[in-house]
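Throughout, read-outs are computed from the coordinates displayed, never taken from laboratory work. Quantities reported herein were computed from a predicted structural model and do not represent experimental measurements. Ideal geometry is used to build each Cβ from the backbone, glycine not excepted, and the neighbour counts take in all protein chains shown.
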Amino acid sequence: MASNMDREMILADFQACTGIENIDEAITLLEQNNWDLVAAINGVIPQENGILQSDYGGETIPGPAFDPASHPAPATTPSSSSAFRPVMPSRQIVERQPRMLDFRVEYRDRNVDVVLEDSCTVGEIKQILENELQIPVSKMLLKGWKTGDVEDSTVLKSLHLPKNNSLYVLTPDLPPPSSSSHAGALQESLNQNFMLIITHREVQREYNLNFSGSSTIQEVKRNVYDLTSIPVRHQLWEGWPPSATDDSEIYLVHGSMVLESWKSKIEGLHQMCLAESGISYPCHRLTVGRRSSPAQTREQSEEQSTDVHMVSDSDGDDFEDATEFGVDDGEVFGMASSALRKSPMMPENAENEGDALLQFTAEFSSRYGDCHPVFFIGSLEAAFQEAFYVKARDRKLLAIYLHHDESVLTNVFCSQMLCAESIVSYLSQNFITWAWDLTKDANRARFLTMCNRHFGSVVAQTIRTQKTDQFPLFLIIMGKRSSNEVLNVIQGNTTVDELMMRLMAAMEIFSAQQQEDIKDEDEREARENVKREQDEAYRLSLEADRAKREAHEREMAEQFRLEQIRKEQEEEREAIRLSLEQALPPEPKEENAEPVSKLRIRTPSGEFLERRFLASNKLQIVFDFVASKGFPWDEFKLLSTFPRRDVTQLDPNKSLLEVKLFPQETLFLEAKE
C-alpha cells in the first residue's frame with residue numbers, strides 16, 4: 001500500500017499523463033487500480049500492441065508492456081472518458097515534459113495570471129510578478145500556499161499543487177494606494193457640466209456658457225467667436241489654468257523641427273477637454289480680449305533677427321483662417337485630415353417633411369443637449385391641424401423656429417435662449433413648436449413657398465429679406481377663422497428675458513381671442529343642444545308609439561310561431577322515440593345462454609329504468625333505449641358512479657362488455673348544460 005506522500009506523487013503524475021484536472025475523478029480511477037500508476041494510465045489511454053498513441057498525430061511512444069490478466073482495466077463512465085486528453089504514457093516521459101501549473105495572483109485591485117512548469121521555483125513566480133506589478137521581490141510576500149509559507153528556492157513540484165492555484169501578494173512595507181484613481185476622477189469629470197463665466201474685456205459684457213466636461217478648448221473658443229466676433233487667432237485669454245495656457249509668441253524658424261513642435265503643442269491644447277484642463281467646477285471665470293495686430297509684432301521681430309520672423313497676416317492667413325473656420329491644422333500643412341464640420345440640421349431636398357424633422361430633432365439634441373423644445377414631427381399643414389383645428393379650449397399658438405447654421409447668433413440663441421428651462425417649459429405648455437432649417441438654398445425656397453401659401457406674400461417677403469446674421473427667427477402664429485395671423489417675428493439677437501416677454505405678450509393676445517372663441521363656441525353648442533333635444537324628444541315620441549304597435553304585433557306572431565315549433569318538436573320527438581322503441585332488440589331473459597348485463601338507470605326525476613341487455617349488445621342500444629323513454633342523448637348524458645365517468649363520451653360501437661357495463665351497473669341521467 002502506497003504512503004500518503006507516494007499517493008500525492010502518483011496523483012500528480014497521473015493528472016499530468018491523462019490531462020484529467022478533476023482531482024476527485026483522478027483519485028477514483030487510481031483507487032480502482034489499487035494506486036497502480038501504469039494500470040490506471042493504460043485504462044484510460046488508447047493502446048495498440050503495447051504502443052501508447054499520442055494525441056498529436058506524430059510519432060508513437062513505446063510504453064511498458066501491459067498484461068490484461070495482471071492489471072484488469074477499470075470500467076470508466078462515458079462522462080469521465082470524454083474529459084480524458086492522453087499526453088504521455090509513462091513516468092519516464094513525464095520527466096521529459098514537465099507538468100504545467102496555472103496561478104492567479106491577486107494584488108489589491110489587479111489579477112495576474114502566471115503559467116509555469118512544476119520544475120520552476122517560487123522565486124521565479126516572484127520575478128514574473130516584479131515585472132507585472134512593478135514591486136521589488138524584496139518587498140513582496142507571496143501568500144496562499146496550502147502548506148504555509150515557503151522559501152523562494154522551493155521547487156513547485158515538491159509542493160504537490162493542483163493545476164489551478166490562487167495566491168495573493170502582500171506589501172506591508174509599501175504605502176497604500178490613493179483611495180480614488182486619477183482615471184476614475186477624469187471619467188467623472190467628463191460627465192459633468194461646467195459653467196464658464198466669460199467676460200468680454202473691450203465691451204465689458206459677461207456671458208454664461210454651459211459646456212460638458214468632454215468639450216474641447218477649441219469648441220469654447222469657437223463659441224466665443226460667435227458671441228464676440230473675435231477670431232480664434234486674435235483671442236487673448238486670461239484665467240485658463242497653466243496646463244491650458246499658450247500665451248507665447250509663435251515663430252517660424254528655418255527648418256521644420258520648431259514648426260512641427262509648435263504645431264503639435266497647439267493641436268494638443270485645442271484638443272484638450274475641459275475636464276483635463278484643470279478649470280474649477282462647477283463655475284470658472286475667464287476673460288477674453290482682442291490680441292494686438294500680428295503685423296506690428298512681425299515688424300518688431302524682423303528688426304531683431306533676419307532668421308526668425310513672426311507669422312504675419314499675409315504669411316499666415318491660410319493657417320489662421322483654418323483655425324478660425326474649424327479646419328484641422330494638418331490640412332493646412334498638406335496632411336490628410338478632414339475639416340471639422342457639423343452635420344447638417346436637415347437633409348437637402350427631403351421628400352418627406354416628417355423625416356426631415358426627425359433628423360433636425362436628432363441633430364439639435366446632439367449639438368445642444370436633450371433639454372430643448374419638443375419639435376412637432378410632421379408637415380406644416382399637420383402642425384396647423386394640431387394647433388388650430390381643434391376645440392377652442394384645446395387650441396394653442398404655433399411657434400415656427402427657423403434655423404440657419406451660417407448665422408453667428410445661432411449657437412448662442414439655441415444653447416442659451418431656446419434651451420433655457422423656462423423657455424422650454426413655457427413653449428411645451430402653450431405652443432406647438434415646428435422647425436425648419438434655411439441653411440440650404442433648396443430648403444429655404446421650399447419654406448418660402450409654404451409661407452406664401454399659408455401666410456401670404458407679405459410674410460414670405462419679410463423672411464426673404466432677412467439677412468443671415470439676423471437669424472435664427474421665431475415666428476408666432478395664431479389661427480383665426482378665415483386665415484392664420486403672424487403675431488410676432490423674433491430675431492436671434494435677443495435675451496432670455498426679452499424672448500420670454502414676447503412669448504407672454506403673444507399669449508395674452510391669444511388668450512383674449514381664445515376666450516371669445518370659447519364663448520362663441522359655447523353659445524353655438526348651447527343653441528344646437530336645445531334644438532337637438534327638441535328634435536330628439538319628438539323623434540322619441542314617434543318611436544315610442546311605433547315601437548308599442550310593432551311590439552304587440554311581434555309578440556302575437558312570436559307566440560304563434562313558438563306554439564307551432566313546440567308542436568312540431570313534440571311530434572318529431574315522439575316519432576323518434578317510437579322508431580327507437582320499435583328498433584330495440586327484445587329484452588333477453590335472465591337465464592340466457594349468452595351473458596346478460598342488467599342496467600338500472602336513475603332519471604332526473606328520481607325514477608328508475610331497468611332493463612336487461614346482452615353483454616355483446618353495442619352501447620348504442622342503451623342510448624336508444626334511454627332516448628325511447630324521452631331522454632335523447634343529445635340533451636342528456638349518462639353517467640356511471642364508480643368510477644365516475646360520462647358513458648355518452650364512449651364509443652357507441654363498443655359492446656357493454658368492452659365498456660365494463662357487465663354484469664350489472666347503476667347509471668343516472670343528467671341534463672347537459
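Note that the range 546-585 shows a convex hull volume over its alpha carbon atoms of 33 Å³ per residue.
As a length-normalised measure over Cα pairs under 8 Å and 6 or more apart, the relative contact order of the range 353-520 settles at 26 percent. Each of the peptides 647-660, 210-223 was scored by the mean count of other Cβ atoms within 10 Å over its residues; in descending order, highest first, they stand as 210-223, 647-660.
Computed from the C-beta positions of E591 and Q569 and an R0 of 41 Å, the FRET efficiency is 0.45 to the nearest 0.05. For the range 100-170, the fraction of C-alpha pairs farther apart than 18 angstrom is 27 percent. Would you please classify the overall shape of the range 365-415 from the alpha carbon gyration tensor, given that a ≥ b ≥ c denote the square roots of the eigenvalues, rounded means a/c under 1.5, and beyond that prolate means a/b larger than b/c while oblate covers the rest? Prolate, since a/c reaches 1.5 and a/b exceeds b/c. Give me the net charge for the shell around A275: Cβ to Cβ below 14 angstrom, other residues only, Lys and Arg +1, Asp and Glu -1. Combined, the nearby Lys, Arg, Asp and Glu give -3. Dividing the convex hull volume of the alpha carbon atoms of the range 474-531 by its residue count gives 67 Å³ per residue. Spacing of the modelled spin labels on N164 and E188, each 7 Å from Cα toward Cβ, amounts to 3.6 nm. By definition, a body whose alpha carbon gyration tensor gives a ≥ b ≥ c is rounded when a/c is under 1.5, and the range 596-671 falls into this rounded group. Ordering of 452-459, 404-411, 352-359 by packing is 404-411, 352-359, 452-459, highest average first (other Cβ atoms within 10 Å, averaged per residue). Taking 0.36 nm per residue of separation and subtracting the Cα-Cα distance, full extension of the segment from S483 to S605 would add 35.7 nm.
The label-point distance for R393 and Q359, in a model that sets each label 7 Å from Cα toward Cβ, rounds to 4.2 nm. Over all other residues within a Cβ to Cβ distance under 13 Å of F413, the charged ones net out to -3, with Lys and Arg as +1 and Asp and Glu as -1. Per residue, the Cα convex hull of the range 353-520 amounts to 102 Å³. If r is the Cβ-Cβ distance from I576 to M556 and R0 is 45 Å, what FRET efficiency results, to the nearest 0.05? Taking R0 as 45 Å, the efficiency between I576 and M556 is 0.90. Summary value for the range 100-170: 45 percent relative contact order, contacts being C-alpha pairs under 8 angstrom separated by 6+ residues. Net length available on complete extension from M100 to F642 is 187.8 nm, with 0.36 nm assigned per residue and the Cα-Cα distance removed.
As a calculated quantity, the FRET efficiency between D109 and V150 at R0 = 25 Å, using C-beta atoms, amounts to about 0.45. Computed over all pairs of different Cα atoms, the Kirkwood value for the hydrodynamic radius of the range 1-44 is 10.1 Å. What number comes out for the charge environment of H454, summing +1 per Lys or Arg and -1 per Asp or Glu over other residues with Cβ under 12 Å away? For residues surrounding H454, the net value is -1. Each 5 Å bin from zero holds the following percent of Cα-Cα pairs in the range 448-511: 4, 16, 25, 23, 19, 12, 2, 0. Ellipsoid fit via the Cα gyration tensor, the range 435-549: semi-axes of 49, 19, 11 Å, each the root of five times an eigenvalue, largest first. Fully extending the segment from R546 to N352 would add 64.2 nm, taking 0.36 nm per residue of separation and subtracting the current Cα-Cα distance.
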